[in-house]
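The values are calculated or read from the model by the stated rules, or taken from the named source; none is laboratory data. Since we're looking at a predicted model, the values are computed, not measured. Neighbour counts are summed over all protein chains in view; Cβ atoms, including those assigned to glycine, are modelled from backbone coordinates with ideal geometry. Remember, those area values only see protein heavy atoms, side chains included, never the ligands or the DNA or RNA. Shrake-Rupley method; radii C 1.70, N 1.55, O 1.52, S 1.80 Å.
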Amino acid sequence: MLNFLSKVATLFWNLVKTIFCCFNLPAFIYDIGFTKPISRYTYYRLMDQVKPMFNKPRKWLDVGVGTGVALHSVINQIPNSVQITGIDINESYYKNAKKLFGKYSNVEIRLQNFYELETSKEKYDIIVLGSSFMLMPDYTKALNIIKHLLAPGGKIFFLMTLYDKKKPFTEKMKPYLKNFTTIDFGKATYENEFVELIKSNGLNIRLMDRIKYHFLFKLFRVFIVECDIAK
């Protein structure tokens, strides 16, 4: 009997994985639960900061581009002279983004781990990190790679949730949320710790603005943080 139930459970799980694969449900859930209600609005605010940089050709690196929906929501405001490289480690999200930007000659989407860029010779004028920064296992190493990739005079933009005080419940719940939503929310990141991390790793904070568009942004403390390399 146990053997039979085990086979049934295996068949059921394989069926679920097949459905997820065929219909790309992780990407769908990510967009419904995170991109459309929150992420795309952070890109609206981002455009206020980067538009003045479009006075000449630029190179843009989007780290953790996800399904591409947030970036796509502002793509018509970005001139073709801006060459965009979007990377993501999640294959489901990558497939969606690759399809979404298929017709855009100035956008390249890669399935790539950010840490692989440690020895890259590419330089970017604009580096955007959304919630992907909270997922990185080594913040200091990540910031060193970012500085290595940044072109002279370039800017770094973090679009992320920053808590104002310790939230033990949130820290415990985040890992469990991934099991139910397929979305990895990363570690809880606190405002004072983030500011200290940025400054101690040779970066200047030029702008730190809390984003407010609708009621969800009252529940989540989402910021745009603009940085450059300290002189």
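Observations on the model:
- Cβ-Cβ under 8 Å pairs, at least 6 apart or on other chains, region 116-134 side among the β-branched types (Val, Ile, Thr), far side part of a helix (DSSP H, G or I): 126/50; 126/53; 127/146; 127/149; 128/46
- Within region 191-223, considering residues that are open to solvent by less than 70 Å² (accessible area, probe 1.4 Å) and at pLDDT below 85, the one farthest from residue 47 (Cα to Cα): 216
- If only residues of region 134-190 that are closer than 26 Å to residue 61 by Cα and polar (S, T, N, Q) are counted, the one that is modelled with the highest pLDDT is 144.
- Region 65-96, subset outside any loop (DSSP other than H, G, I, E, B) and polar (S, T, N, Q), residue most open to solvent (accessible area, probe 1.4 Å): 76
- Count - residues of region 50-80 that are over 23 Å from residue 117 (Cβ atoms) and touching a strand residue (DSSP E or B) at 6+ places or on another chain (Cβ under 7 Å): 1
- Of all residue pairs spaced 6 or more apart or on separate chains, those with beta-carbon atoms under 7 Å, a first member in region 84-112 that is closer than 14 Å to residue 60 by Cα and a second member that is assigned to a helix (DSSP H, G or I) and open to solvent by 90 Å² or more (accessible area, probe 1.4 Å) are 109/98.
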